[in-house]
Amino acid sequence: MLKGTFPIEKFKQLQTPFYYYDLSLLQETLNVIKAESGKYGYHVHYAIKANANPKILSLIAQNGLGADCVSGGEIEAALKAGFPASKIVFAGVGKADWEINLGLDNHIFCFNVESLAELRIINELAAAKQQVAPVALRINPEVDAHTHAKITTGMKENKFGINLSLLGGVLDEMQAMPNVKLIGIHAHIGSQITDMSAFRNLAIRINEIQDELEQRGIQVENLNFGGGLGIDYYHPNHLPIPAFDNYFAVFHKLVQLRPGQQVHFEPGRSVVAQCGSLISRVLYVKEGEIKKFAILDAGFTDLIRPAMYDAYHRIENISSDEATEYYDVVGPICESSDVFGKDIELNGTHRGDFIAIRSAGAYGEIMASQYNCRKLPKAYFSNEL
Ligand code: LLP
């Protein structure tokens, strides 16, 4: 079975579980992103929520990307890692006053505003600082992302963005707000989107919205299409870099840009998912009546995506080349959802073997918890081992 390449001799010195990041793959991915977005002059803001490990952030910042933040903590992390404030966008349905003030104090590029209630507060807080806050309205475009319900955001029933039917009222009230300036529209329809027709529909919907805005005499300088490009969780060895060429080409082909208009994206998963693996050791192989369990020292506290979203991650026994067998691969946590995969084909597995759970660079380490008083996983990097 084709596996990723890992420095196993080095791993032997380390306590498991830990995240291992292949920084050369991250750099190659960034090169592709820069080349493909650069063809059209698009601006890319990395979605910090996917992975905020300081080393990952500083490599991404060094490559000239901007940052998409959803909390004050993320703004702080972005600034610390070297992202310039002028390339930071700030989204989120529930921005606290201190977080808005932090954005204002640092003169970030844009607040992606999700409701009229929030717009009023940003106007008020900016007035108190005698500033005019740059805002983009996050629109709920009612475009189905055809992805997991828990990571769909662009439908009427989701809490995100301003409903299309309410947009007119928001724009009307906004005219009487002297301390906010409309600089763009923003939409993000969901995550792990592999069906390009969802992005096509988004591009077309934004064209329609632009036409409506123009009827009101409004032209915005910036269009932000959010993130959401999916990755191939099944074939991390064959397809380690997502098809950014196709992705950006969809927008280039369909979006009707007005003169001088700038286009922005906020990819998270597609940037960092494939460069990270969760590495653990097998503690026990337990023979059940009908199953064999490979019990790892990693659990859902280290990687919650399988338990939370029934997400698939490819699992490899990187220590063994014995004939394959089927195992339920589980963690040590006292919950029956602590399962990484059922009936997984692994090379013959024994206590002490290293197991790599692949494509875990996005929404892995950053979503780790200390439930059961477990330690947070450490991180190691290919250029350090
Ligand atoms: N922009 C906004 C406004 C977002 O809400 C998100 C993700 C992104 C950009 C980045 O999306 P990406 O390119 O990573 O798909 N924890 C879940 C994913 C949650 C995504 C939330 N929003 C998971 O593990 O699948």
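Some notes on this structure:
- Checked against the criterion of being touching a residue at least 12 places away in the same chain (Cβ under 8 Å), within 20 Å of the chain's Cα centre (by Cα) and surrounded by fewer than 22 Cβ atoms within 10 Å (Cβ to Cβ), the candidates ALA362, ALA379 yield just one match: ALA379.
- Of the helices (runs of 4 or more DSSP H) entirely within region 44-158, those holding at least 1 residues that are closer than 17 Å to ILE185 by Cα occupy 116-128.
- Failed condition for ASP343, given (1) open to solvent by less than 60 Å² (accessible area, probe 1.4 Å); (2) out of contact with any His (no Cβ under 9 Å at 6 or more places or on another chain); (3) within 21 Å of GLY4 (Cα to Cα): (1)
- Within region 33-42, the presence of at least one residue that is free of Cβ contacts under 8 Å to residues at least 24 places away in the same chain and hydrophobic (A, V, I, L, M, F, W, C) is confirmed.
- Filter result (small (Gly, Ala, Ser), within 15 Å of the ligand (Cβ to nearest atom) and within 15 Å of TYR247 (Cα to Cα)) within region 29-72: SER37
- Cross-chain or 6+ apart pairs with Cβ under 6 Å, region 250-263 first and assigned by TED's automatic domain parsing to the domain that holds GLY38 and within 16 Å of SER197 (Cβ to Cβ), then charged (D, E, K, R) and surrounded by 15 or more Cβ atoms within 10 Å (Cβ to Cβ): VAL250/ARG200
- Residue match in region 9-27 (condition: in the same structural domain as LYS129 (by TED's automatic domain parsing), in contact with a strand residue (DSSP E or B) (Cβ under 7 Å, 6 or more places away or on another chain) and within 30 Å of LEU254 (Cα to Cα)): no
- Criterion violated by ILE56 - all others in (1) outside the structural domain of GLU345 (by TED's automatic domain parsing); (2) under 23 Å from TYR380 (Cα atoms); (3) open to solvent by 20 Å² or more (accessible area, probe 1.4 Å) satisfied: (3)
- Yes/no for SER337 being open to solvent by 20 Å² or more (accessible area, probe 1.4 Å), within 16 Å of the ligand (Cβ to nearest atom) and at pLDDT 95 or above: yes
- Region 226-244: number of residues that are assigned to a loop (DSSP other than H, G, I, E, B) and within 15 Å of the ligand (Cβ to nearest atom): 10
Every residue, every condition in (1) within 19 Å of VAL89 (Cβ to Cβ); (2) touching a residue at least 60 places away in the same chain (Cβ under 8 Å); (3) open to solvent by 70 Å² or more (accessible area, probe 1.4 Å); (4) outside the structural domain of GLU114 (by TED's automatic domain parsing), yes or no:
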| residue | (1), (2), (3), (4) |
| --- | --- |
| PHE160 | yes, yes, no, no |
| GLN175 | no, no, yes, no |
| HIS188 | yes, yes, no, no |
| SER191 | yes, yes, no, no |
| ILE206 | yes, yes, no, no |
| PHE225 | yes, no, no, no |
| PRO240 | no, yes, no, no |
| TYR247 | yes, yes, no, no |
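The values are calculated or read from the model by the stated rules, or taken from the named source; none is laboratory data. Given the structure is predicted, the values throughout are model-derived calculations rather than measurements. Here Cβ is always computed from backbone atoms with ideal geometry, including for glycine, and neighbour counts include all displayed protein chains. Please note that ligands, DNA and RNA were not included when accessible areas were found on the heavy atoms of the full protein model with its side chains. Shrake-Rupley method; radii C 1.70, N 1.55, O 1.52, S 1.80 Å.
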